[in-house]
Amino acid sequence: MAAMAVSAIAGEQAEIMRAAVRARWGKPEKVVEIDDVSKPKLEDDTVLVRVKAVSVNRADYYMTVAPGILLRPMIGGFLKPKMRQLGTDFAGVVEAVGKSVSGYQPGDEVFGAKTPAFCEFVAARMFVHKPANVSFEEAAAVPVSALTALQALRDHGKLEAGQRVLVNGASGAVGTYAVQVAKALGASTVTAVCSPRNVEQARRLGADRVVDYTKEDFTRSGDRYDVIVDIGGTHPWRHLRRVLTPNGTLVMVGSQRRNNPLIGPLGYIFRTALASRLSKQKATFFIAKFNKPDMETLRELLESGKIKSVIERVYPFPEIADALQYMGEGHARANLVVTF
Ligand SMILES: NC(=O)c1ccc[n+]([C@@H]2O[C@H](COP(=O)([O-])OP(=O)(O)OC[C@H]3O[C@@H](n4cnc5c(N)ncnc54)[C@H](OP(=O)(O)O)[C@@H]3O)[C@@H](O)[C@H]2O)c1
């Protein structure tokens, strides 16, 4: 729906648009609603994008419920969120181009990251062209999750061609990209750990071996991996290091199974990083960082078909709270996308 000019403020017309907002921390179905907010203004170094699709990440769920009471000030407000709006990943069509932006024009299809993104328009700096072979829904799923997978394997796991990779939590948003990115970077074998309903999907994405975690504990397999990307956070360091090569690296991406009510995942992350100091095997945690070169890399991987977005459900915008709620249950199959 188009943004409307509705009121006059200081002689100027303020334009509004629809956005997903929440005024307090809580379960998505209780706190998230659609409201009118100001439409963002085009700045010299931004493009104004009419949003076609957004994806719901686990971070968006955390930004709604706020896990770890003591972490709340860090993620934006102790008693209530300072920022009402939500979301980061978007795909859409450029409406207007800032004076200092080159290479883009109105009508271009783009995808990228901008907080907040769960709204009809974003004024974005971090975006690239959407490949023609990829839908808006597929492109919107990419930024946070695929960027995390890329940086986990390439920058923090230092993955080299010919090495062996295990992805624990291979059926979620980050994990489905991690399996594909590991193959694209030349891993000799990729082992995917997931629940039984996602075994076939992991094979289709290119996993050489799939471990059903309800039947087998991968830390007792006797196999060894150069890089473990741990998205599930299901095993302690002393078990994980059994299946790392002597110089192998554990890259901790998430740890929802080990969240503490006060400090969320921080205790587990610090304990693991500290324990690994005594060993040649490394354990590292990182927070993915947006940058244009990595977004271009993802665009190329999409264009060449080396990575594809897996989307379990597409929700209409008015049902965005349902998407957040489902994401919070922890077993979404890859990506959840919302369309406008
Ligand atoms: N560090 C960063 O920069 C960064 C960036 C993005 C996300 N994250 C974090 O990464 C985590 C995952 O994010 P996501 O978006 O991929 O979430 P997600 O889509 O909900 O995926 C989580 C996956 O974990 C799997 N899982 C649940 N129990 C498991 C078990 N016992 N063993 C193995 N896998 C299990 C689930 O698969 P099944 O349904 O098959 O059980 C689910 O697909 C979150 O904690 C998130 O906060 C971190």
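The values are calculated or read from the model by the stated rules, or taken from the named source; none is laboratory data. In this text, all values refer to a predicted model and were calculated from it rather than measured experimentally. Note that we place each Cβ from the backbone using ideal geometry, even for glycine, and neighbour counts take in every protein chain shown. The accessibility values were calculated without ligands, DNA or RNA, using every heavy atom of the protein model including side chains. Shrake-Rupley method; radii C 1.70, N 1.55, O 1.52, S 1.80 Å.
Computed values, structure above
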{"read-out": "Label-point separation in nm, VAL93 to LYS158, each point 7 Å along Cα→Cβ", "value": "4.8"}
{"read-out": "Kirkwood-Stokes translational diffusion coefficient of the stretch 263-340, alpha-carbon pairs, 25 °C, 0.890 mPa s, µm²/s", "value": "151"}
{"read-out": "Förster-model FRET efficiency, 25 Å R0, GLN105 and GLU319, C-beta, rounded to 0.05", "value": "0.15"}
{"read-out": "Cβ charges +1 (Lys, Arg) and -1 (Asp, Glu), total dipole of the stretch 145-285, debye", "value": "340"}
{"read-out": "Whole-Hz ³J(HN,Hα) from phi, Karplus 6.51 cos²θ - 1.76 cosθ + 1.60, for the stretch 57-67, glycine and proline x", "value": "9, 4, 4, 5, 5, 4, 6, 9, 8, 6, x"}
{"read-out": "Percent carbon-and-sulfur accessible area, the stretch 145-285, ignoring ligands, DNA and RNA, probe 1.4 Å", "value": "53"}
{"read-out": "Crossing angle, helix 173-184 versus the chain [Cα axis fit, 0-90 degrees, rounded to tens]", "value": "60"}
{"read-out": "Paramagnetic label zone (point 7 Å from Cα along Cα-to-C-beta, ARG224; backbone N under 17 Å) in the stretch 156-175", "value": "160, 162-166"}
{"read-out": "Values of log10 I(q)/I(0), in the order q = 0.10, 0.11, 0.15 Å⁻¹, for the chain under a Debye, Cα-only, solvent-free model", "value": "-0.60, -0.72, -1.26"}
{"read-out": "Three-way shape label, the stretch 145-285, alpha-carbon gyration tensor, a/c 1.5", "value": "rounded"}
{"read-out": "Computed E for GLU33/ARG277 - FRET, C-beta separation, R0 45 angstrom, nearest 0.05", "value": "0.45"}
{"read-out": "Dipole of the chain, positive direction: furthest Cα of VAL338, LEU250, ILE320, with charges on the beta-carbon", "value": "LEU250"}
{"read-out": "Solvent-accessible area per residue, Å², over the chain with all protein chains present [probe radius 1.4 Å]", "value": "45"}
{"read-out": "Alpha-carbon centroids, the stretch 178-201 and the stretch 316-340: separation in whole Å", "value": "23"}
{"read-out": "Per-residue ³J(HN,Hα) for the stretch 135-140, Karplus 6.51 cos²θ - 1.76 cosθ + 1.60, θ = phi - 60°, Hz, x for Gly and Pro", "value": "6, 4, 4, 5, 5, 5"}
{"read-out": "Entries in LYS80/LYS282; LYS41/LYS289; LYS41/LYS82; LYS114/LYS308; LYS99/LYS130 that, when Cα-Cα distance is taken, lie over 27 Å", "value": "LYS80/LYS282"}
{"read-out": "Among 85-92, 288-295, the order from most to least packed when residues are scored by Cβ within 10 Å on average", "value": "85-92, 288-295"}
{"read-out": "Label point at ASP44 placed 7 Å out along Cα→Cβ; residues across the stretch 98-120 whose backbone nitrogen lies under 17 Å", "value": "98-103"}
{"read-out": "Net charge, HIS129 excluded, C-beta distance under 13 Å - Lys, Arg +1, Asp, Glu -1", "value": "-2"}
{"read-out": "Packing-based ranking, highest mean first, of 122-132, 56-66 given that Cβ atoms within 10 Å are counted", "value": "56-66, 122-132"}
